[in-house]
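Below: the structure, in structure tokens.
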Amino acid sequence: MITQRFVEPEGPKYFYSDVLDYLLGIGWYRMKSKMFTTNFIITEEEGFLDVYWMRIHLGKFQLSKSQKTILLNANQFSVEVSEELFISIEMEELFLKYKRSINFNIVDSITDSLYDETTYNDSFDSRMVTIRDGDKLIAFGIFDAGKTSMAGIISVYDPAYSKYSLGKVLILHKIQYAIDTGREYFYPGYITKVASKFSYKQTFCPDAIEILDPDVWISFNVWNNNP
């Protein structure tokens, strides 16, 4: 059955701690100030797609050789993780630069991506990782923290630095932060069975990936080998 459902925040800090853990664990994910679940999407670029929620079991996560190389190449830049989210003009300007460089549609600003028009509040424990080349902001990522889990929400980078794979670097730093803070799962959203713009998520240690199909978490390797 095709489903698409939403849950509204009931007040400040509603999706904090173990509440976020529970909802992520049953296949819900952030959309602006709400959380939602679905088993399909429709995009202008790829049409109708069945989607499956994904998570990374952090106790099983290991960096691949190529991921170690990506991180090594980005060592020349400074990385900072902040446990509070501050949306700056500098970040909004980088977001617009990033939007102009991609071939699919996204919202017009970080604020539009994170909040509804009438709901600008702290319903999530949102944090961020920033990457700088000297004083210049060249990438940032936003994630939501639960008690035992984290959800990756936004990753943005300067297209002039695309050769450094900063989108992947951001996700790897989010994963490392989740490991360092003792969390069990990292949730990057959904993936598809067919090749799509979400396929890159499957490269983050396949042996540690679990897929919700349809309401039970199974290993990615089992899921991927089933027709």
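The values are calculated or read from the model by the stated rules, or taken from the named source; none is laboratory data. This is a predicted model, so every value here is computed, not measured. Quick reminder, even Gly has a Cβ in these numbers, built from the backbone with ideal geometry, and neighbours come from all protein chains shown.
Being within 14 Å of the chain's Cα centre (by Cα), surrounded by 14 or more Cβ atoms within 10 Å (Cβ to Cβ) and either within 24 Å of Asn103 (Cα to Cα) or of a type outside the set (Val, Ile, Thr) (or both) is a description that applies to Phe204.
Just one of the listed residues (Thr38, Thr43) is touching a Lys or Arg at 6+ places or on another chain (Cβ under 8 Å) and modelled with pLDDT under 95, namely Thr38. Taking the conditions (1) more than 25 Å from Ile42 (Cα to Cα); (2) buried (at least 19 other Cβ atoms within 10 Å of the Cβ); (3) over 16 Å from the mean Cα position of the chain (by Cα) in turn, Leu212 satisfies each one other than (1). Taken together, the residues in segment 1-19 that are of a type outside the set (Lys, Arg) and closer than 20 Å to Pro214 by Cα amount to 6.
Within segment 198-214, residues that are under 14 Å from His57 (Cα atoms) and part of a loop (DSSP other than H, G, I, E, B) have Cβ atoms under 8 Å from residues that are of a type in the set (Val, Ile, Thr) and modelled with pLDDT of 90 or more in these pairs: Phe204/Ile56; Phe204/Ile171; Phe204/Ile175; Cys205/Ile56, counting only partners at least 6 apart in sequence or on another chain.
Residues checked against (1) under 21 Å from Leu114 (Cα atoms); (2) modelled with pLDDT under 95; (3) in a loop (DSSP other than H, G, I, E, B); (4) not acidic (Asp, Glu):
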| residue | (1), (2), (3), (4) |
| --- | --- |
| Pro9 | yes, yes, yes, yes |
| Pro12 | yes, yes, yes, yes |
| Leu24 | yes, no, no, yes |
| Ile56 | no, no, no, yes |
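With respect to the numbered conditions (1) crowded, with 16+ Cβ neighbours inside 10 Å; (2) over 18 Å from Glu84 (Cβ atoms), which one is the sole condition not fulfilled by Phe124? Status for Phe124: all satisfied but (2). The numbered conditions (1) modelled with pLDDT under 95; (2) among the small types (Gly, Ala, Ser); (3) surrounded by fewer than 14 Cβ atoms within 10 Å (Cβ to Cβ) are all true for Gly134 except (1). Checked against (1) touching a Pro at 6+ places or on another chain (Cβ under 7 Å); (2) surrounded by fewer than 17 Cβ atoms within 10 Å (Cβ to Cβ); (3) under 15 Å from Gly141 (Cα atoms), Ser88 passes all but a single condition, namely (1). If only residues of segment 97-112 that are assigned to a helix (DSSP H, G or I) and not hydroxyl-bearing (Ser, Thr, Tyr) are counted, the one that is surrounded by the fewest Cβ atoms within 10 Å (Cβ to Cβ) is Arg100.
Against the criterion of being of a type in the set (D, E, K, R) and over 27 Å from Thr3 (Cα atoms), Glu92 qualifies. Considering each residue of segment 146-160 in turn, at least one proves to be more than 18 Å from the chain's Cα centre (by Cα) and among the aliphatic types (A, V, I, L, M).
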